[in-house]
Amino acid sequence: MSDTEYPFFFTWTAQKSARPIELTGGQGAWFTTADGGRWLDLGALSYQVNAGHGNRRIIDAVKRQADSLCLASPSTVFPAKVALAEKLLALAGPGFSKVFFCLSGAEANENAMKIARQVTRRMKMMSRYRSYHGASMGALTLTGDWRRPPFEPGIPGVVHVPDCYCDRCPFGKELSSCKRECATHMGEVMKLEGGGFAGVILEPVPGANGVLVPPAEYWPIVRAACDADGALLIADEVLTGFGRTGRAFGFQHWGATPDIIPCAKGLASGYQPIGAVIVHERVAKHFDDQMLACGLTYYGHPTGCAAALETLQVYEDEGMYDNAARLGPVLYDELHLVARRLEPVSGMRTFVRGLGLLAALEVEGAPAAAWTKLGQELAARKLSLHVDGKRGTAIFAPPLCITELELIAGIRSFGDAAAAAFGGT
Ligand SMILES: Cc1ncc(COP(=O)(O)O)c(C=O)c1O
C-alpha cells in the first residue's frame with residue numbers, strides 16, 4: 001500500500017511524505033517491524049515508552065482489568081483509580097492532594113489551564129516560545145514553537161516569553177556571568193502586561209524543542225515571580241515525567257514546587273492512553289465548594305488506570321528512574337564523542353545538552369540534504385530517534401530500561417550515521 005492509500009491520516013506530515021513503519025511488537029529498548037526488522041528505540045517511540053516495549057506485567061494488568069471491569073464513567077470509583085491517584089500524589093511530594101484524569105498530554109494541559117483560570121478567576125497565561133504543550137486549540141496557543149502560527153490567533157490571553165537557551169542566550173549573555181535574565185524577564189513581562197496572570201506553564205526541560213536544560217536558579221526565580229503576581233505555576237511534565245530526567249518529575253531537580261502538574265506519556269508508558277493533572281492542596285481546596293467545570297467521558301478509564309498503576313510499580317521495582325540518572329552521563333559522554341567526530345567539518349558547530357535519559361545533539365551549519373541523509377543512514381542502521389533537520393537537532397530519549405551496553409552501541413552507531421551524513425571522521 002502506498003502512503004497516500006492508507007484510509008487514515010498520518011499526523012504532522014503531508015500524506016505523500018509519510019514514511020510509516022509497520023510495528024509488530026518489541027522487547028525492552030527494541031521494537032520489531034513487519035518486514036522482520038529489529039530497531040533500537042532511542043526515542044521511546046513518541047517519548048512515551050519509558051518502561052520499554054513488551055512489558056508483560058503491564059500487558060497482564062490491562063488484561064486483568066479488562067476482565068474484571070472494562071468500562072466506567074467519570075462519577076464511578078474502583079480500586080485501580082483510587083490506588084493510581086494515591087500513587088501519583090505520593091510521587092509528586094508533600095502538599096499535592098487531588099488528581100484529575102484524562103487521556104493525553106494536550107488534555108492534561110487544557111485542564112490544567114482551566115483549573116488555573118477557575119481558581120484565580122483570571123484569564124492570562126504565560127508560556128515560552130520554544131515549547132510544545134499539545135495539539136488541541138488551547139494547548140496549541142500555549143505552545144510557542146512552529147506548530148502554533150498556522151492556528152493563530154488561537155485562544156485569547158496567552159503571552160509568550162523567550163527561552164532558557166544557554167547555548168544561544170536570547171539575552172546575549174554567557175552562563176558564567178549572566179544574571180539568569182531568561183527567568184527574571186518573566187517577572188518583568190508580567191508587570192509590563194499589567195499583572196493578573198492565571199498561570200505560567202513551562203516544561204521543566206523543553207524536550208522536543210532541543211532539550212534546553214535550565215540552570216539551578218531558573219525555576220526558583222520563576223516560582224517567586226508567580227508568587228509575586230498571584231499566578232499559578234504549571235509544570236508540564238508530559239514528556240519529562242516518570243523518570244525521563246532521572247527523577248520522578250523534572251521539577252524535582254530544582255527545589256521549586258509547582259501548583260499543578262499535567263502529565264501523560266510515561267504515565268502508562270503508552271500501553272493505554274491516559275493523562276493526569278496533579279493538583280496542589282492550595283489549589284484543589286478551591287473546588288471543595290465550587291464546581292470543577294472540567295469533565296471527559298473517558299475520565300479515569302479502568303484499563304488506563306490499571307496500566308498506569310502497574311507501570312509506576314514497574315518503574316519502582318526495576319529502579320528505572322535510577323537507571324536514567326546513572327546512564328545520563330554515559331549518554332552525554334558518548335554524544336560528546338560524536339560531536340568531536342563532526343568537529344573537523346568546516347562551518348559546522350555542535351552542542352550537546354541533556355538531563356537523565358533526555359539529550360540533544362544540536363548541529364549548526366549543516367545543509368538540509370545532510371539531515372535527509374542522516375534519516376536514511378539511521379533507517380539503514382535501524383535506529384529510531386527524533387531528528388529535526390529544520391531546527392538542527394537529534395533528540396535522544398530511550399526507554400529507561402535500556403542497558404549501558406545497548407546505549408553505548410546505539411550512540412556509536414548513531415555517530416557512524418552522523419559522520420556518513422555530515423562528513424567528519
Ligand atoms: C511537553 C509536552 N506537552 C504536551 C504534549 C502533548 O501530549 P499528547 O500528544 O499526548 O497530547 C507533548 C507531546 O509531545 C509534550 O512533549
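Listing for the model above:
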item	result
Within segment 78-108, tally of residues that are touching a Ser or Thr at 6+ places or on another chain (Cβ under 8 Å) and within 16 Å of the ligand (Cβ to nearest atom)	2
Every pair of residues 6+ apart whose Cβ atoms lie under 8 Å, when the first sits in segment 260-279 and is away from the ligand (no atom under 12 Å from the Cβ) while the second is among the basic types (Lys, Arg) and outside any loop (DSSP other than H, G, I, E, B)	Ile278/Lys98; Val279/Lys98
Number of the condition not met by Val49 [criteria: (1) within 16 Å of the ligand (Cβ to nearest atom); (2) part of a helix (DSSP H, G or I); (3) buried (at least 21 other Cβ atoms within 10 Å of the Cβ)]	(2)
Residues located in segment 190-249, provided they are basic (Lys, Arg) and within 23 Å of Thr311 (Cβ to Cβ)	Arg244, Arg247
Residues of segment 369-425 that turn out to be of a type outside the set (Ser, Thr, Tyr) and closer than 25 Å to Tyr321 by Cβ, as a count	21
Inter-residue pairs, beta-carbon under 7 Å, first at pLDDT 95 or above and in segment 371-386, second hydroxyl-bearing (Ser, Thr, Tyr), 6+ apart	Arg381/Ser413; Leu383/Ser413
Some residue of segment 399-418 being in contact with a strand residue (DSSP E or B) (Cβ under 9 Å, 6 or more places away or on another chain), part of a strand (DSSP E or B) and surrounded by fewer than 20 Cβ atoms within 10 Å (Cβ to Cβ)	no
Hits in segment 118-135 (condition: open to solvent by 40 Å² or more (accessible area, probe 1.4 Å) and more than 7 Å from the ligand (Cβ to nearest atom))	Gln118, Arg121, Arg122, Met123, Lys124, Tyr129, Arg130
Filter result (under 26 Å from Ser46 (Cα atoms) and open to solvent by less than 10 Å² (accessible area, probe 1.4 Å)) within segment 220-242	Leu233, Ile234, Ala235, Asp236, Glu237, Thr240, Gly241, Phe242
Boolean, Gly347 is more than 20 Å from Glu107 (Cα to Cα), in a loop (DSSP other than H, G, I, E, B) and touching a Gly at 6+ places or on another chain (Cβ under 6 Å)	yes
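The values are calculated or read from the model by the stated rules, or taken from the named source; none is laboratory data. As the structure is a prediction and not an experimental result, all values here were calculated from the model. Heads up, the Cβs are rebuilt from the backbone with ideal geometry, glycines too, and the neighbour counts pull from every protein chain shown. With ligands, DNA and RNA removed, areas are computed over all heavy atoms of the protein, side chains included. Shrake-Rupley method; radii C 1.70, N 1.55, O 1.52, S 1.80 Å.
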